[in-house]
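Novice: So that we are looking at the same thing, I have put the structure below in structure tokens.
The values are calculated or read from the model by the stated rules, or taken from the named source; none is laboratory data. What you see is a predicted model; the values in this text were computed from it and never measured. Don't worry about glycine lacking a Cβ; one is built from the backbone with ideal geometry, like all the others, and counts go over all protein chains shown.
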Amino acid sequence: MSTLTEAPPPLAPQAPDPRPPKRRGRWTPYWLLLPGILWLIVFFALPMIYQASTSVQTGSLEEGYKVTWHFAAYWDALSAYWPQFVRSVLYAGTATILCLLLGYPLAYLIAFRAGRWRNLIMILVIAPFFTSFLIRTLAWKTILADGGPVVGALNTLHVLDVTNWLGWTAGDRVLATPLAVVCGLTYNFLPFMILPLYTSLERIDGRLHEAAGDLYARPWTTFRKVTFPLSMPGVVSGTLLTFIPAAGDYVNADLLGSTDTRMVGNVIQTQFLRVLDYPTAAALSFILMAAILLMVTLYIRRSGTEDLV
Amino acid sequence: MTNKTDPTGDVRLTGIAKTYGDFTAVHPLDLTVPQGSFFALLGASGCGKTTTLRMIAGLEEPSAGTVHLGDQDVTALPPYKRPVNTVFQSYALFPHLDIFENVAFGLRRRGLKSVRKQVEEMLDLVQLGEQARKKPHQLSGGQQQRVAVARALINHPKVLLLDEPLGALDLKLRRQMQLELKRIQTEVGITFIHVTHDQEEAMTMADTVAVMNAGRVEQLGSPTDLYENPGTTFVANFLGTSNFIEAEVDSKSGDDIVLKAGGGKLVLPEARCSAPASTGGKVLVGVRPEKISLTHADDAGEIPEGRNRITGRIADSSFIGVSTQYVVDSPVCPGFEVYAQNIDRDPRLVPGAEVVLHWNPAHTFGLDAAQSVFDGTEGSAGVEEAA
């Protein structure tokens, strides 16, 4: 019997190792994610938390601010500055629609008709980025200056009569009117519309156009039934890339507008940097963010492009 | 179904040509495709067959000439006004529409309101009734191909154009779809014009085949006619394999031409000679490998009289199941190919054996000796291998 006891203990039915053999590799994806996660924590999560706490503080600059869970700051901010919110959505929305109307034909041209000019036109679309955003916006100040050629031409063509009637311009001026702000926004964000549009149009197989034509679709029907639906991912991302930054922009309203064209971005900027009312500024920022998120979610739902994007 | 003798449905191409700058894709071409026929345009890539098809569809504007569908001159009509539909090479199904809407596309464009019944019938015809609500990318290649056919056929076009429709399928599926397409064509009776580079595909499916080479139609005829009686070395080589012997016209006897080749005589029926045969002139004598019998030189006496015969030595033989393929070196033609059915195999027929090749003169064809015997063999079929 002793021999039996000396024998190595019978092997317990060994369960197959559930772990994959290369155990060390298990953490690799997380290590690779680490720099990005750190970046997000330091530059997104922490500031958000900080800002959230700021928004519910009360106090004054002299006495210091304390967290008092003063949620009424949100209501106060909204009731005081709702016109600027409405204006932001209106201006950004108009600029986005104008960008789409201007950008779509251009993106279409580059994708399907430009031939060997394609790269040159693409460079021209991106070229403004080589100059600072501020300088480009300041240039519009000169372009739209009182008594300048643009205003003169609009006057001669009686366009200003129409825009005056619509309330977009005032008298003989374009500068310091809503029209000027919308022009600036449209100009500054146009490339963000064109690039995604071009990308999605360029991916469309040209034979689909031929197939549609072969199946009795006139060119316009082909566009409506084939080209446009297939370019929806580009339309959605283009409008988002235009609308979101435009809604929060304050440079255009600041340089090209007047006190009557202030957008919510201007209010936030003033509250933070001039009035130094941090809670109100933080609350406004959160309201703007929530409003944009809500609108974007509704928009993506409506456009039904979940499976395309 | 349709009256096949009614000339109002013929496709008539008159002097149609296409040039791109200096390059001529299609030389002026006259072609009539009778209504209800299954017509194949066969050729290597770059021979102009697809360009010809696209000119019929209206996707390409001819540089010269006219396209008639029946009595109607459609040359100037845009594609959406032509009673013609195309099955594209990679199907070009609309990725954002489901199968039902893909098939219904043409009907809806023509303003039909209730399309359900027609679409369902058409999907049943191509056996895809169950897949109606799927998106094209959810289907296999063979199913997508059938959707493309259904999408075109549902419009009852005067002509259905097929641009290498089976090119993307694997071999087995291809054979299956060939039969399927042939069945559909017989069922609906619409004229099919089929572009392909696969000679077997053209021969199994089409009633009439036009062999194209470098922008020209080399020869037009039924598959049997083209195979048995090729008019040029290109056709002889592109459809199957041919052996060529350069021979000199010796004399004429009755309906036959007697030719001298090497030391021997060959007989060629005059009707099967497409070249001018004047005494002393050169003619290329062709014969298909499967028409030839091989007899060992020792048994040469047993060969019946009246057969064309040449002598040679077996250089190589390969057994491929149903047949054995021999390469025979002969003084009149190096690398003569012979396919022998494996019925009674003579064990003496091994490489190195002296043999006599003989065949019925009726299987001989004569071609103009002024052309290369290599036209249409692989690697010489125009632009294809140029890259």
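Novice: Give just the number: which of (1) in a helix (DSSP H, G or I); (2) over 18 Å from the mean Cα position of the chain (by Cα); (3) farther than 17 Å from A:Ile97 by Cβ; (4) within 13 Å of chain B (Cβ to nearest Cβ) does A:Asp260 not satisfy?
Specialist: (4)
Novice: Sticking with this one: Please go through region B:181-213 and pick out each residue that is out of contact with any strand residue (DSSP E or B) (no Cβ under 7 Å at 6 or more places or on another chain) and closer than 17 Å to B:Met55 by Cβ.
Specialist: Once the filter is applied, which keeps residues that are out of contact with any strand residue (DSSP E or B) (no Cβ under 7 Å at 6 or more places or on another chain) and closer than 17 Å to B:Met55 by Cβ, region B:181-213 yields nothing.
Novice: Of the residues B:Val328, B:Val332, B:Val338, B:Val355, which single one is crowded, with 17+ Cβ neighbours inside 10 Å and either within 18 Å of B:Ala236 (Cα to Cα) or not assigned by TED's automatic domain parsing to the domain that holds B:His296 (or both)? Talk me through it step by step, then tell me what you get.
Specialist: Values: B:Val328 fails: either within 18 Å of B:Ala236 (Cα to Cα) or not assigned by TED's automatic domain parsing to the domain that holds B:His296 (or both); B:Val332 fails: either within 18 Å of B:Ala236 (Cα to Cα) or not assigned by TED's automatic domain parsing to the domain that holds B:His296 (or both); B:Val355 fails: either within 18 Å of B:Ala236 (Cα to Cα) or not assigned by TED's automatic domain parsing to the domain that holds B:His296 (or both).
It is B:Val338.
Novice: Could you please give the count of residues in region B:97-120 that are facing another protein chain (nearest Cβ under 8 Å) and surrounded by fewer than 17 Cβ atoms within 10 Å (Cβ to Cβ)?
Specialist: 1
Novice: Sort out for me the helices (runs of 4 or more DSSP H) sitting completely within region B:187-293 that have 2 or more residues that are among the aromatic types (Phe, Trp, Tyr) and buried (at least 23 other Cβ atoms within 10 Å of the Cβ).
Specialist: So the answer is B:233-238.
Novice: If you don't mind, there's one more thing I want to ask. When you go through A:Ile123, A:Ile110 one by one, which is the residue that is loosely packed, with under 15 Cβ neighbours inside 10 Å and of a type in the set (Val, Ile, Thr)? Walk me through it before giving the result.
Specialist: Working: A:Ile110 fails: loosely packed, with under 15 Cβ neighbours inside 10 Å.
Step by step, each of A:Ile123, A:Ile110 is checked, and only A:Ile123 is loosely packed, with under 15 Cβ neighbours inside 10 Å and of a type in the set (Val, Ile, Thr).
Novice: In addition: Can you work out which of the residues in region A:254-309 that are in contact with a Pro (Cβ under 6 Å, 6 or more places away or on another chain) and of a type in the set (A, V, I, L, M, F, W, C) is modelled with the lowest pLDDT?
Specialist: The extreme case among them is A:Val309.
Novice: Would you mind finding the one in B:Ser274, B:Ser323, B:Ser293 that is assigned by TED's automatic domain parsing to the domain that holds B:Asp250 and out of contact with any Leu (no Cβ under 9 Å at 6 or more places or on another chain)?
Specialist: So the residue among B:Ser274, B:Ser323, B:Ser293 that is assigned by TED's automatic domain parsing to the domain that holds B:Asp250 and out of contact with any Leu (no Cβ under 9 Å at 6 or more places or on another chain) is B:Ser323.
Novice: Suppose we keep only residues that are in contact with a helix residue (DSSP H, G or I) (Cβ under 6 Å, 6 or more places away or on another chain), within 14 Å of chain B (Cβ to nearest Cβ) and of a type in the set (Gly, Ala, Ser) within region A:182-214. Which one would you say is surrounded by the most Cβ atoms within 10 Å (Cβ to Cβ)?
Specialist: Of everything passing the filter in region A:182-214, A:Ala212 is surrounded by the most Cβ atoms within 10 Å (Cβ to Cβ).
Novice: Now for a separate question. Could you list all residues from region B:144-161 that are touching a Leu at 6+ places or on another chain (Cβ under 9 Å) and either in a loop (DSSP other than H, G, I, E, B) or surrounded by fewer than 18 Cβ atoms within 10 Å (Cβ to Cβ) (or both)?
Specialist: From region B:144-161, those touching a Leu at 6+ places or on another chain (Cβ under 9 Å) are B:144-155, B:158-161; that's our starting set.
B:Ile154, B:Asn155, B:Lys158 - these are the residues of region B:144-161 that are touching a Leu at 6+ places or on another chain (Cβ under 9 Å) and either in a loop (DSSP other than H, G, I, E, B) or surrounded by fewer than 18 Cβ atoms within 10 Å (Cβ to Cβ) (or both).
Novice: How many residues does region B:59-81 hold that are in contact (Cβ under 8 Å) with a residue 12 or more places away in the chain and in contact with a strand residue (DSSP E or B) (Cβ under 7 Å, 6 or more places away or on another chain)?
Specialist: Count: 11.
Novice: I need the strands (runs of 3 or more DSSP E) fully contained in region B:1-87, keeping only those with at least 2 residues that are within 14 Å of chain A (Cβ to nearest Cβ).
Specialist: In region B:1-87, the matching strands (runs of 3 or more DSSP E) lie at B:84-87.
Novice: Assuming A:Ile135 fulfils every condition listed in (1) modelled with pLDDT under 90; (2) more than 30 Å from A:Pro229 (Cα to Cα) apart from one, which condition is it?
Specialist: (1)
Novice: Pairs needed: first member in region A:111-124, charged (D, E, K, R); second member anywhere, surrounded by 10 or more Cβ atoms within 10 Å (Cβ to Cβ) and assigned to a helix (DSSP H, G or I); C-beta distance under 6 Å; at least 6 residues apart or different chains.
Specialist: Between residues of region A:111-124 that are charged (D, E, K, R) and residues that are surrounded by 10 or more Cβ atoms within 10 Å (Cβ to Cβ) and assigned to a helix (DSSP H, G or I), the close pairs are A:Arg118/A:Ile110.
Novice: Of the residues in region B:162-186, how many are farther than 20 Å from B:Leu128 by Cα and surrounded by 15 or more Cβ atoms within 10 Å (Cβ to Cβ)?
Specialist: 3
Novice: Which of the following residues is of a type in the set (Gly, Ala, Ser), touching a Gly at 6+ places or on another chain (Cβ under 9 Å) and not in a helix (DSSP H, G or I): B:Ser90, B:Ser114? Before the answer, list the steps.
Specialist: Working: B:Ser114 fails: touching a Gly at 6+ places or on another chain (Cβ under 9 Å).
Criteria check complete, one pass: B:Ser90.
Novice: Residues in region A:269-290: is at least one among the aromatic types (Phe, Trp, Tyr), away from chain B (no Cβ under 14 Å) and in contact with a strand residue (DSSP E or B) (Cβ under 8 Å, 6 or more places away or on another chain)?
Specialist: Looking for residues that are among the aromatic types (Phe, Trp, Tyr), away from chain B (no Cβ under 14 Å) and in contact with a strand residue (DSSP E or B) (Cβ under 8 Å, 6 or more places away or on another chain), one finds at least one in region A:269-290, hence yes.
Novice: A further question follows. State the number of residues belonging to region B:100-111 that are under 23 Å from B:Phe192 (Cα atoms) and either in a helix (DSSP H, G or I) or touching a helix residue (DSSP H, G or I) at 6+ places or on another chain (Cβ under 9 Å) (or both). Spell out how you get there, then give the answer.
Specialist: If we filter region B:100-111 for residues that are under 23 Å from B:Phe192 (Cα atoms), which is where we start, we get B:102-107, B:109-110.
Okay, now just the ones that are also either in a helix (DSSP H, G or I) or touching a helix residue (DSSP H, G or I) at 6+ places or on another chain (Cβ under 9 Å) (or both), so B:102-107, B:109.
Qualifying residue count for the region: 7.
Novice: A further question on this structure: Using the structure shown, decide if A:Leu179 is touching a Cys at 6+ places or on another chain (Cβ under 9 Å), surrounded by 23 or more Cβ atoms within 10 Å (Cβ to Cβ) and under 18 Å from A:Arg262 (Cα atoms).
Specialist: no
Novice: Determine, yes or no, whether B:Leu123 is within 14 Å of chain A (Cβ to nearest Cβ) and either under 19 Å from A:Asp214 (Cα atoms) or assigned to a helix (DSSP H, G or I) (or both).
Specialist: The answer is no for B:Leu123.
Novice: Still on this structure, please answer the following. Restricting region A:206-232 to residues that are over 14 Å from B:Asn85 (Cα atoms) and over 28 Å from the mean Cα position of the chain (by Cα), which is modelled with the lowest pLDDT?
Specialist: So the residue we want is A:Gly206.
Novice: Now, a different point. Name the helices (runs of 4 or more DSSP H) wholly within region A:215-257 that hold at least 2 residues that are within 13 Å of another protein chain (Cβ to nearest Cβ)?
Specialist: Details: elements: A:219-222, A:232-248, A:251-256.
The helices (runs of 4 or more DSSP H) meeting that bar are A:219-222, A:232-248.
Novice: Oh, and also: Which pairs turn up if I take residues in region B:270-296 that are farther than 27 Å from B:Tyr326 by Cβ and look for partners that are surrounded by 17 or more Cβ atoms within 10 Å (Cβ to Cβ) and hydroxyl-bearing (Ser, Thr, Tyr) with beta carbon separation below 9 Å, at least 6 apart in sequence or on another chain?
Specialist: Once the first residue is farther than 27 Å from B:Tyr326 by Cβ and sits in region B:270-296, its partners that are surrounded by 17 or more Cβ atoms within 10 Å (Cβ to Cβ) and hydroxyl-bearing (Ser, Thr, Tyr) give B:Ser274/B:Thr232.
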